[in-house]
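**Q** Right, I'll just put the structure down here and ask away after.
The values are calculated or read from the model by the stated rules, or taken from the named source; none is laboratory data. This structure is a prediction, so every number in the text was calculated from the model and none was measured. With ideal geometry, Cβ positions are generated from the backbone for all residues, glycine too; neighbour counts draw on all protein chains shown. Just the protein is used for accessible areas: all its heavy atoms, side chains included, with ligands, DNA and RNA removed. Shrake-Rupley method; radii C 1.70, N 1.55, O 1.52, S 1.80 Å.
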Protein chains: 2
Amino acid sequence: MFLSDRERERKAAILKVESEVIGAAREFLREEGFVELLPVIVAPLTDPLRHNTDRALIEAYGGHWHLTRSMIFHKQAAVGVCEKIFSFSPNIRVEPPDWKETGRHLWEFVQLDLEVRNGSREELMDLGERLLVYVLSRVLATCRAELEALGRELTVPTRPFPTFTYREAQRRFGDDYEIALSREARTPVWIVDFPIDVREFYDREDPERPGILLDMDLLYPEGYGEALSGGEREYLPERIRRRIELQGLDPAQYRALLSLAEEGLPPSAGFGIGVERLVRYICGLPHVAEARLFPRVPGELSLI
Amino acid sequence: MFLSDRERERKAAILKVESEVIGAAREFLREEGFVELLPVIVAPLTDPLRHNTDRALIEAYGGHWHLTRSMIFHKQAAVGVCEKIFSFSPNIRVEPPDWKETGRHLWEFVQLDLEVRNGSREELMDLGERLLVYVLSRVLATCRAELEALGRELTVPTRPFPTFTYREAQRRFGDDYEIALSREARTPVWIVDFPIDVREFYDREDPERPGILLDMDLLYPEGYGEALSGGEREYLPERIRRRIELQGLDPAQYRALLSLAEEGLPPSAGFGIGVERLVRYICGLPHVAEARLFPRVPGELSLI
């Protein structure tokens, strides 16, 4: 924890930017009519993810509770009550220890997670671009001194951002297109139309293009990698069940979700944007751990 | 999760108020020069509390990590970097199952936790009053329809709020003064000067009145109980060590905190205010669980 004066100043500048990012995003979403929900930290059910992440569970009152990996299912249920919701949602993902080298992973991070009842992918892409432009503009206006101290030159990208399909990105850059494409890009770039076998079961399959999902990722330029990830959602019980099976998961584990869907989940779309990664991009930081005062880096222990 | 139309409308009204509370508090604190930190969910060290709360631990990377019960030690370290900080900090406290009857307890809740370098108790009491008045005024201005739908008549209290010492409160209302005094009060009420043996070791002992702490609680009127809790902090390693021992805890468990204090923790003061309890008071809710879409009630399991 001991920091030299110079390290302390650098950290204070980054944290000031982060505070502005949180504030600007909140202000933007409130203006857009979103309701902020308190985050969910423990739940009997959480995002299965596709990659291998160790389970983080606690026991309480005779039940098992996952630490939240994302608020996906809670968001889907929440838009049945409020039309547009968001949450600054702390996520725990116990990633492989060697992921500390990627510069992009923390095992505790905060995701600005939002969802819109009856939203379409295109509306959410539009919202995501405007959110990003708003936040960058606000930080440039209010944190000039901090960005200068960090040696960061930042420009606000022009909308709309270019869009690639997953197949195009893969053709040009291979399966690990994320970093290669992000390195080449001079502006944020959308990737859309993921194939059904590379994404989680809750991303909605296009009824007119079987096997293709109505989802999207946004990549930062300059090699900073993924900015946000989202899409339209499966909300009909029989479709959710089919997709759970397709992902090789056990529908019995998702009984609660299926029973919610049987009661009636509304159609919705949404995305999640990692706050520390956004701050990393804005500040030009080598490692996302710098966006935290008490970073949780995969494979590392912490003093406090 | 199934809600009738009427329940859904009631829930939407409460969540709208909650969103306004979060937004107003944040706006107020930004204006006061505070930096918002992302919350800490997992940590090798957390608030010991004084009452019996089950431990919630996970294992990762060969270490044990507590789910955060409060950000107290992280706040003390953080003001070494930024002068004034706050966080909407989700806390997990696995309370006894019968606490579900109190109407005031959730085992997952969010605390607006803040700290000020070189702050005094009196400054923090002033800040707490202004924060509460600001939030209540904002909600009254922006959520008139929601409060009416909830049948809640709310007035903004006049400052300064009355202050009792712990001994006065105890003399008049007994050891369980909290609810009795809160029921009788028509305005929020401060309790100050807790004796050393009823509070956690991090509340600072008054150098001029041994055995008396420079701390405070705020109680809501109308029987809603505790609003916030805080105080000046012990920051010198030898005093922290003595207080840890006085509380019957093992200093070896707090090596990290003691080593931070040896490097130099700044003097500070702060408080934490429970967001759901604030919303309960503002909306006049029988149980704090109503302030959550997915409440975690002691002793109860959840579907999602």
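**Q** Under a Cβ-only charge scheme (Lys and Arg +1, Asp and Glu -1), can you give me the dipole magnitude of the protein assembly as shown about the Cα centre, in debye to the nearest 20? Don't skip to the end; give the middle numbers.
**A** Numbers: 80 positive and 104 negative charges, 63 e Å.
With Lys and Arg at +1 and Asp and Glu at -1, about 300 debye.
**Q** Taking the stretch B:176-243, which chymotrypsin sites (Phe, Trp or Tyr not before Pro) meet the DSSP loop condition and have no more than 14 other C-beta atoms within 10 Å?
**A** Passing both the DSSP loop test and the Cβ count: no residue.
**Q** List the accessible area buried at the contact between A and B, summed over both sides and calculated with a 1.4 Å probe, in Å² to the nearest 100.
**A** Numbers: alone 14800 and 14790 Å², together 23760 Å².
Accessible area lost upon association: around 5800 Å².
**Q** For the protein assembly as shown, what is the convex hull volume of the alpha-carbon atoms per residue, in Å³?
**A** Values: hull volume 88.5 nm³, N = 608.
Output value, Cα hull per residue: 146 Å³.
**Q** How large is the charge dipole for chain B, taken about the Cα centre, if only the Cβ atoms of Lys, Arg (+1) and Asp, Glu (-1) carry charge, to the nearest 20 debye?
**A** Values: 40 positive and 52 negative charges, 84 e Å.
Magnitude of the dipole: close to 400 debye.
**Q** Give the whole-number value, in cubic angstrom per residue, of the convex hull volume spanned by the C-alpha atoms of the stretch A:80-126. The partial results should precede the final answer.
**A** On the way: hull volume 5.4 nm³, N = 47.
Hull volume normalised by residue count: 114 Å³.
**Q** When the distances between all Cα atoms of chain A are binned every 20 Å from zero, what whole-number percent does each bin get?
**A** The percentages, shortest bin first, are 32, 60, 8.
**Q** Sticking with this structure for a sec: Can you give the Rg to Rh ratio of the stretch B:31-160, both from alpha-carbon atoms, with Rh computed by the Kirkwood formula? Before the final figure, lay out the partial values.
**A** Working: Rg = 17.8 Å, Rh = 17.3 Å.
Value, to two decimals: 1.03.
**Q** Let me ask something else about it. Per residue of B:294-303, what is the mean number of Cβ atoms on other protein chains within 10 angstrom of that residue's Cβ? Walk me through the numbers before you get to the answer.
**A** Working: counts 10, 0, 7, 1, 2, 3, 3, 7, 9, 9.
The shielding value for this peptide is 5.
**Q** Give me a single rounded figure for A:61-67: the average over its residues of other chain Cβ atoms within 10 Å of their Cβ. All intermediate terms of the calculation are to be shown ahead of the outcome.
**A** Details: counts 13, 3, 3, 1, 9, 0, 7.
Mean shielding count: 5.
**Q** Work out the FRET efficiency for A:GLU168 and B:GLU7 from their Cβ-Cβ distance, taking R0 = 56 Å, and round it to the nearest 0.05.
**A** Numbers: r = 47 Å, r/R0 = 0.84.
So the FRET efficiency works out to roughly 0.75.
**Q** Say each of B:GLU222 and A:GLU238 gets a label point 7 Å from the Cα, pointing the same way as Cα to Cβ; how far apart are those two points in nm?
**A** 5.0 nm
**Q** For A:ASP54, which sequence-distant residues (separation of 5 or more, or a different chain) have an amide H within less than 5 Å of its own amide H, given hydrogens modelled in the peptide plane?
**A** A:VAL94
**Q** DSSP loop (so not H, G, I, E, B), at most 15 other Cβ within 10 Å: list which trypsin sites (Lys or Arg not before Pro) in the stretch A:183-273 pass both filters. Could the numbers behind the result be given before it?
**A** On the way: sites: A:ARG183, A:ARG186, A:ARG199, A:ARG204, A:ARG233, A:ARG239, A:ARG241, A:ARG242, A:ARG243, A:ARG255; in loops: A:ARG186, A:ARG199, A:ARG204.
Listed in order of number, the matching sites are A:ARG186.
**Q** What is the pair-distance distribution P(r) of the stretch B:155-245, computed from all Cα-Cα distances in 10 Å bins starting at 0, with each bin given as a whole percent?
**A** That works out to 17, 46, 26, 10, 1, in percent per bin.
**Q** While we're looking at this one, here's another question. Under the convention of a label 7 Å out along Cα→Cβ, give the distances in nm from B:ARG186 to the same position in every other copy, shortest first.
**A** Label-point distances to the other copies, shortest first: 7.0 nm.
**Q** Any chance you could run the full-extension gain for B:THR187 through B:ARG209? It's 0.36 nm times the residue separation minus the Cα-Cα distance, nm to one decimal.
**A** Details: separation 22, 0.36 × 22 = 7.92 nm, distance 2.89 nm.
Going from the current span to full extension adds 5.0 nm.
**Q** Can you compute the helix-only [θ] at 222 nm over chain B? Use -39500 (n - 2.57) per DSSP H run of at least 4 residues, normalise by all residues, nearest 500 deg cm²/dmol. Intermediate values should be presented prior to the final figure.
**A** Values: 9 runs with 107 residues, N = 304.
That calculation yields -11000 deg cm²/dmol at 222 nm.
**Q** Specify which residue in the list A:MET71, A:CYS82, A:THR53 is farthest towards the positive end of the charge dipole of the stretch A:1-158, using unit charges on the beta carbon of Lys, Arg (+1) and Asp, Glu (-1), about the Cα centre.
**A** A:THR53
**Q** Right, next: Could you work out which residue, out of B:TYR166, B:TYR281, B:TYR61, moves most in a Gaussian network model of chain B, that is, has the largest mean-square fluctuation with Cα springs under 10 Å?
**A** Ranking B:TYR166, B:TYR281, B:TYR61 by mean-square fluctuation puts B:TYR61 first.
**Q** To the nearest 0.05, what FRET efficiency results for A:ASN118 and B:GLU263 with a Förster distance of 45 Å applied to their C-beta separation? List each step's numbers first, then the result.
**A** Numbers: r = 54 Å, r/R0 = 1.19.
So the FRET efficiency works out to roughly 0.25.
**Q** Measuring label to label, 7 Å along Cα→Cβ, what does B:ALA145 give against each other copy in nm, shortest first?
**A** Copy-to-copy label distances at B:ALA145, shortest first: 4.3 nm.
**Q** How far is A:ARG242 from the same spot in each other copy, in nm, shortest first, if each label point sits 7 Å from Cα toward Cβ?
**A** Shortest to longest, the spacings are 7.2 nm.
**Q** Right, another one. Given a 1.4 Å probe and the protein chains all in place, what does the accessible area of B:LEU57 round to, in Å² to the nearest 10?
**A** 50 Å²
**Q** Just want to confirm a number: the relative contact order over the stretch A:16-146, from Cα pairs under 8 angstrom separated by 6+ residues, in percent. Working shown, then result.
**A** Details: 177 pairs, mean separation 39.0, N = 131.
The normalised contact order for the stretch A:16-146 reaches 30 percent.
**Q** Charges only on Cβ, +1 for Lys and Arg, -1 for Asp and Glu: so what's the dipole of the stretch A:252-300 about the Cα centre, in debye to the nearest 20?
**A** On the way: 5 positive and 5 negative charges, 33 e Å.
That gives the stretch A:252-300 a dipole magnitude of about 160 debye.
**Q** Antiparallel versus total DSSP beta bridges in the stretch A:5-291: what percent is that, nearest 5?
**A** About 90 percent, rounded to the nearest 5.
**Q** Just how much of A:GLU205 is accessible, in Å², when a 1.4 Å probe is used and the result is rounded to the nearest 10?
**A** Using a 1.4 Å probe on the heavy atoms, I get roughly 20 Å².
**Q** Turning to a different aspect of this structure: Mind checking the full-extension length gain between A:GLU32 and A:THR158? Use 0.36 nm per residue of separation minus the Cα-Cα distance, one decimal, nm. Each step should come with its number before you reach the end.
**A** On the way: separation 126, 0.36 × 126 = 45.36 nm, distance 2.05 nm.
Value of the extension gain: 43.3 nm.
**Q** Hey, what did chain A get for relative contact order, percent, Cα under 8 Å, at least 6 apart? Intermediate values should be presented prior to the final figure.
**A** Numbers: 572 pairs, mean separation 68.8, N = 304.
Relative contact order here is 23 percent.
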